[in-house]
1. If the viscosity is 1.002 mPa s and the temperature 20 °C, what Stokes-Einstein diffusion coefficient in µm²/s follows for region B:103-258 when Rh is the Kirkwood radius over Cα pairs?
2. Summing both sides, how much accessible area is buried between B and A? Use a 1.4 Å probe and give Å² to the nearest 100.
3. Which percent of Cα pairs goes in each bin when the distances of chain A are cut into 10 angstrom slices starting at zero?
4. May I ask you to find the residues of region A:196-212 that are shielded by at least 10 Å² of accessible area once the whole protein assembly is considered instead of their isolated chain (probe 1.4 Å)?
5. Which of the residue pairs A:LYS209/B:LYS430; B:LYS322/B:LYS494; A:LYS31/A:LYS231; A:LYS92/A:LYS231; A:LYS152/A:LYS209; B:LYS477/B:LYS528 have a Cα-Cα distance greater than 21 Å in the structure shown?
6. Place a +1 charge on the Cβ of each Lys and Arg in chain B and a -1 charge on the Cβ of each Asp and Glu, then give the dipole magnitude about the Cα centre in debye, rounded to the nearest 20.
7. Please give the residues from region B:357-403 for which the solvent-accessible area of heavy atoms, probe 1.4 Å, is smaller by at least 20 Å² with all protein chains in place than with the chain isolated.
8. Which Cα, out of B:ILE219, A:VAL216, A:HIS180, lies furthest along the positive dipole direction of the protein assembly as shown (beta carbon charges, K/R +1, D/E -1)?
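The values are calculated or read from the model by the stated rules, or taken from the named source; none is laboratory data. The model shown is predicted, which means the values in this text are computed figures rather than measured ones. Neighbour counts run over all protein chains shown; Cβ positions are idealised from the backbone, glycine included. With ligands, DNA and RNA removed, areas are computed over all heavy atoms of the protein, side chains included. Shrake-Rupley method; radii C 1.70, N 1.55, O 1.52, S 1.80 Å.
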Amino acid sequence: MSTPQKNILVVDDEPEILRAVRGGLAAQGYKVDTAVNGEEALLKASTSAPDLVVLDVMLPGGMDGLEVCRRLREWTQVPVIMLSARNQERQKVAALDIGADDYLTKPFGMDELTARVRAALRRTPSKPEGSPEPIFQIDDLVIDYAGHIVTKGGEELKLTPIEYELLRFLTQNADRVVTHRHLLASVWGPENVEETQYLRVHIGHLRRKIEAQPAVPRYIVTEPGVGYRFKTGS
Amino acid sequence: MKHLPESDNLTSDLSDQPRSKMLAASGWLWSAGAVALGTACLWIFQSAIDKGQASLLYLPIVLFCAIRFGYGQAIGAAVLSFFCWDFFFLPPRFTLTVVNPRDTLSLFVFLIAAVVTARLSSRIRQQAAEAQVREHEISTLFNASEAISAEIDADRILPALASQIVSTCRASRCIVLRQGIADAMEPVASVWSDKSDHAVLQSVVQVLAEAVFSDDQEIGFGQSPRLLRRAMETMELPAEYDRTEDPGIYVPLHAQSKLVGVLHVGPRIMSGASGKETTRFSDTERRLILTLSNHAAVVLARQTLSDQAAEADALRRADTLKDALLSMVSHELRSPLAAIKVAASGLRQSDAVWDSADRDAAIRGIDVEADRLIGVVNNLLDLSRLEGGAWAPNRDWCDMAEIVGTVIGQLTAEADRIITDVPDDLPLIKVDYVQIMLVLTNLLQNALKYSNEDSNVELSAQTDTCDVEGVVVSGVKVSVRDHGPGITPGEETKIFERFFRGDRHRNSTIHGTGVGLTLCRAVVLAHKGQIWAENYEDDPQSRGSVFQFFLPIG
């Protein structure tokens with residue numbers, strides 16, 4: 001894989017999961033460190049400076065995964081992927097609000113985990129805060145942020161200002177889950193964070209304009225109960 | 001709890017004590033007046049009437065007093081008549097002395113006749129009054145039992161009975177209690193005549209009822225009971241309670257010589273001159289209360305029996321359910337586990353020589369079987385969370401087309417068999433996105449699973465209205481049609497029951513837990529929607545089953 005070797009810290013209290021994840025990630029060429037509780041995780045994060053943290057929400061003792069993530073965010077922007085239980089959408093939203101970059105629902109496949117890890121690692125160095133790329137391109141879809149121009153297959157798309165803002169925000173956070181509240185606050189303003197129906201309608205319009213199959217979207221995918229993600233990978 | 005209006009159509013006064021006292025007092029005056037009137041008439045017509053026959057006029061007066069007012073008043077009238085006759089008409093007049101021995105004889109004959117008349121007629125009167133009271137009592141009882149037997153619902157018989165007692169006896173309250181959990185008495189019916197706050201009295205009733213129940217002794221029937229005093233002294237009554245207050249009546253309820261509960265009747269409260277006064281119940285009322293107590297005891301005993309039957313039934317059903325769960329688990333969990341075990345241990349064998357295709361197949365098998373296990377466990381957990389109320393829908397505005405897209409995006413393997421017809425302009429509906437995804441996923445997976453691999457599954461959605469609990473609401477209806485064998489007739493609702501699997505699939509190679517549709521139903525019902533299934537047959541070539549669900553907009 002890439003040089004130098006990336007260092008990943010995996011935090012989970014179940015030894016079977018730790019063993020499997022460690023093996024899977026090592027096979028992908030990552031260097032893996034593990035921790036079984038919150039205290040150990042914080043200690044290892046500060047001493048070994050990992051490039052990414054995979055963090056289970058449920059941890060034994062007084063400190064759960066959310067708390068560990070909150071403390072990490074006090075001093076580092078290291079990407080954090082949370083492992084959450086099924087159907088705990090509120091927990092996922094809470095994790096993202098605290099500053100987690102992504103989440104994965106247990107039980108997950110190794111392929112899903114490595115895909116998320118790769119996406120999170122790809123994001124970090126290329127996108128320092130405050131200086132987004134001037135042009136975003138995926139397949140035949142091109143967004144020129146400076147000129148506010150969106151083209152698909154060379155033809156300019158007529159987007160409303162709201163649709164453009166949605167697309168801009170989603171693509172500048174490409175491959176990240178953006179929560180409903182976050183999206184509403186940045187496009188419609190902080191007083192509209194509860195108005196999910198705006199999102200449903202305008203995302204629908206946007207999909208019809210940019211997706212080849214709006215009914216089964218490929219770019220703007222729904223993260224059920226949480227938000228949206230602009231997907232660049234397959 | 002039921003409150004009764006002050007006046008009541010069934011109010012029939014059984015407590016005639018105060019009225020009869022007033023009647024007695026005025027009776028004396030009326031008797032005296034009648035005698036005076038008779039004397040005056042005699043005085044006026046004395047020239048026409050023989051003074052010796054004055055008794056002919058006085059005797060009817062005595063008779064009248066006896067019938068109208070009673071024995072005492074009649075005797076009074078007789079004595080007064082005796083003296084008036086002597087004083088006003090028998091010579092020498094205006095003295096009480098009598099000179100003529102014949103007059104003396106007439107006087108005493110009159111007195112004896114008057115006393116006998118008074119006695120006989122007042123006894124008749126009394127008997128008539130008693131008969132009237134008894135008739136009243138019988139008609140009250142009849143009314144009460146009529147009202148009670150009109151209640152078919154066992155839960156309402158006791159309140160009906162209690163409200164009968166309150167209205168008939170004009171009691172302040174009537175409460176039926178039975179032994180609940182941990183020996184505490186729990187009220188099963190309570191009727192109060194007014195609407196004020198009864199928290200204090202309620203706990204007093206509770207305490208006294210417990211004492212009555214444990215000692216099997218009544219309170220409020222004559223003898224000043226030690227039980228009451230002991231209860232007042234030793235048991236924990238609220239501090240606000242006025243201990244001099246009339247506690248009312250407590251009757252232990254027996255059915256088949258078993259103590260089943262306590263019936264309490266609060267005292268009658270009248271607002272008299274000095275604030276509120278309580279009056280004692282008449283004997284008739286007490287008899288009525290005792291009779292209705294017997295009714296209450298029978299009802300309570302019956303209720304206890306039917307509760308026990310229901311409990312046994314629930315246990316039996318839980319047992320059947322457990323058996324169904326075990327048989328499902330033993331098949332649906334064990335077969336993927338067995339496959340995984342075989343594949344994994346085979347791959348580990350050090351001396352085995354795998355060709356790469358077999359090896360891949362074994363590894364893929366482990367992955368697929370693990371997914372199946374995850375599916376079964378997830379469905380079971382989701383169902384138990386939903387049914388346990390631990391997974392309330394987190395409702396927000398959603399686009400059904402978007403939900404459909406997400407679900408189809410996740411069913412990668414067989415998504416191309418699904419043909420969708422979802423209009424762009426469906427109204428947004430307020431639902432839990434994840435839960436509705438679960439419903440759609442289960443319905444689509446079933447449709448794909450139970451139909452031929454080369455047949456399509458059609459998914460359509462449209463705006464629709466539906467009658468939900470008697471109100472017509474608008475919303476979105478989703479249909480999933482397959483071209484499979486259809487549902488066995490008669491099983492259209494059963495298939496939504498837990499662990500139920502259609503007859504023809506029970507021993508087939510198609511795996512199923514009998515949980516998916518139950519889960520769908522639980523989700524749809526939690527959204528106040530409806531879900532149903534039926535077979536369709538457009539023509540002999542196009543037939544199968546269609547599963548539909550409706551979700552209201554708001």
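1. Details: Rh = 19.3 Å.
Rounded, D is 111 µm²/s.
2. Working: alone 30740 and 11870 Å², together 40920 Å².
When B and A are taken together, about 1700 Å² of accessible area is lost.
3. Spelled out bin by bin, chain A gives 7, 31, 33, 20, 8, 0 percent.
4. A:THR196, A:GLN197, A:ARG200, A:VAL201, A:ARG207, A:ARG208
5. On the way: A:LYS209/B:LYS430 25 Å; B:LYS322/B:LYS494 18 Å; A:LYS31/A:LYS231 26 Å; A:LYS92/A:LYS231 18 Å; A:LYS152/A:LYS209 9 Å; B:LYS477/B:LYS528 13 Å.
Beyond 21 Å: A:LYS209/B:LYS430; A:LYS31/A:LYS231.
6. Values: 51 positive and 70 negative charges, 757 e Å.
That gives a dipole near 3640 debye.
7. Residues losing area: B:ILE374, B:ASN378, B:ASP382, B:ARG385, B:TRP391, B:ASN394, B:ASP396, B:TRP397, B:ASP399, B:GLU402.
8. B:ILE219
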